[in-house]
């Protein structure tokens, strides 16, 4: 019995080591988080809401606003931007822009995503908002829209500034929003490239995120380093139909941040799976719309819908509740017109915005008149 007791005590002493080895995936980071991108399911976190300097991970919000501005037609990829003295004077990492130089939005964005150019991000910030200060206001407004409570931006690049802070959670959530714009990943996955190719001002770009070369599936997103922030990284990787986002902040070296993000991604892909329960092409309902050119529209999810779970778990009973806004033509495909609430075994699982399969124009007076006449003759209208 004495030997058994000693054995049990030994196991209890050893057990915490096993737990720590399984759960403390980023022991050297001040804060960290690992989540699945489509659902936001958190797989691992450590001090994830601690407010810390984010360094150049700040540029993820800048890139998000740039992408949204391009989609709104405020900028175009081939548009030439004239570099201001303010932009060319940025310190830290840069692509050596000169005052008065012109560069395309495409090349400037590449300079941000690959080389973390402070000068490039300020040039685009000014092109969008007029001034760097106005762009920073947009950044903070967008953060509020995303429900981020740990963030205060003071610049678009991430150089250490008083009251410029964020958290691992908020950075990962910005990354989650950013990867919805798949074109971003075409840039952030580039390992090396050139700007001003073939000129005497040619510059070689090498991605500051080495994992895009050395970890299969990594195609973004953003590194960061300042004296105040330490080494930071938000990385994303996709395998099969599951995309993970891992963020670490306050690491002591680039080697450590890469190793710990690698451990986090390895753990997520080894332990978890994503099962697709709906595709964005799946029609959820056919709804009549007031004064539409077509009488009915088909409702679809805006995104594919996955359930993320441990590989040892089984998918439970999935139920849906579709709640729509008041629908009235015109409506564009992509407009958010309601929400699909999803439950698993009666518990809230996820929610996704819904839209329509194609644009719906407003019907003319004659079209509405003939529709009403047809409905009367076919008995669709009852008196």
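Residues that are assigned to a strand (DSSP E or B) and surrounded by fewer than 22 Cβ atoms within 10 Å (Cβ to Cβ) within the stretch 251-273 comprise 272, 273, listed in sequence order. Does any residue of the stretch 103-112 turn out to be surrounded by fewer than 17 Cβ atoms within 10 Å (Cβ to Cβ), over 23 Å from residue 218 (Cβ atoms), free of Cβ contacts under 8 Å to residues at least 40 places away in the same chain and in contact with a helix residue (DSSP H, G or I) (Cβ under 7 Å, 6 or more places away or on another chain)? Within the stretch 103-112, none of the residues are surrounded by fewer than 17 Cβ atoms within 10 Å (Cβ to Cβ), over 23 Å from residue 218 (Cβ atoms), free of Cβ contacts under 8 Å to residues at least 40 places away in the same chain and in contact with a helix residue (DSSP H, G or I) (Cβ under 7 Å, 6 or more places away or on another chain). Within the stretch 310-369, the set of residues being surrounded by fewer than 12 Cβ atoms within 10 Å (Cβ to Cβ) and out of contact with any strand residue (DSSP E or B) (no Cβ under 9 Å at 6 or more places or on another chain) comprises 312, 314, 347, 364, 365, 366, 369.
The set of residues in the stretch 55-90 being crowded, with 20+ Cβ neighbours inside 10 Å and not in a helix (DSSP H, G or I) consists of 75, 81, 83, 90. Residues in the stretch 154-183 that are in contact (Cβ under 8 Å) with a residue 24 or more places away in the chain, in a loop (DSSP other than H, G, I, E, B), out of contact with any strand residue (DSSP E or B) (no Cβ under 8 Å at 6 or more places or on another chain) and surrounded by fewer than 24 Cβ atoms within 10 Å (Cβ to Cβ): 155, 180, 181.
Consider residue 229 carefully, then state whether it is touching a strand residue (DSSP E or B) at 6+ places or on another chain (Cβ under 6 Å) and either crowded, with 23+ Cβ neighbours inside 10 Å or not assigned by TED's automatic domain parsing to the domain that holds residue 309 (or both).
So residue 229 does not fit the description; no.
Considering the stretch 183-209 alone, what residues qualify as being under 26 Å from residue 45 (Cα atoms) and either outside the structural domain of residue 68 (by TED's automatic domain parsing) or in contact with a helix residue (DSSP H, G or I) (Cβ under 6 Å, 6 or more places away or on another chain) (or both)? Across the stretch 183-209, the qualifying residues are 184, 188, 189.
Consider residue 199 against the criteria (1) over 15 Å from residue 150 (Cβ atoms); (2) in contact with a strand residue (DSSP E or B) (Cβ under 7 Å, 6 or more places away or on another chain): it satisfies all of them except one. Which criterion is unmet? With respect to (1) over 15 Å from residue 150 (Cβ atoms); (2) in contact with a strand residue (DSSP E or B) (Cβ under 7 Å, 6 or more places away or on another chain), residue 199 is out only on (2). Looking across the stretch 263-289, the residues that are over 30 Å from residue 359 (Cα atoms) and under 19 Å from the mean Cα position of the chain (by Cα) come down to 264, 265, 268, 269, 274.
When every residue of the stretch 316-331 is checked against the conditions, at least one turns out to be at pLDDT below 90, part of a loop (DSSP other than H, G, I, E, B) and under 30 Å from residue 23 (Cβ atoms). When you look at residue 357, is it modelled with pLDDT of 95 or more, under 28 Å from the mean Cα position of the chain (by Cα) and not assigned by TED's automatic domain parsing to the domain that holds residue 268, yes or no? Criteria not met by residue 357.
Selection over the stretch 114-150 of residues that are in contact with a strand residue (DSSP E or B) (Cβ under 7 Å, 6 or more places away or on another chain), at negative phi and either not in a helix (DSSP H, G or I) or not assigned by TED's automatic domain parsing to the domain that holds residue 173 (or both) gives a count of 3. Among the residues of the stretch 73-105, those identified as over 20 Å from residue 196 (Cα atoms) and modelled with pLDDT of 95 or more are 73, 74, 75, 86.
The values are calculated or read from the model by the stated rules, or taken from the named source; none is laboratory data. Since the model is a prediction, treat every value here as computed from it, not as a measurement. Cβ: placed from backbone, ideal geometry, glycine included. Neighbour counts: every protein chain shown.
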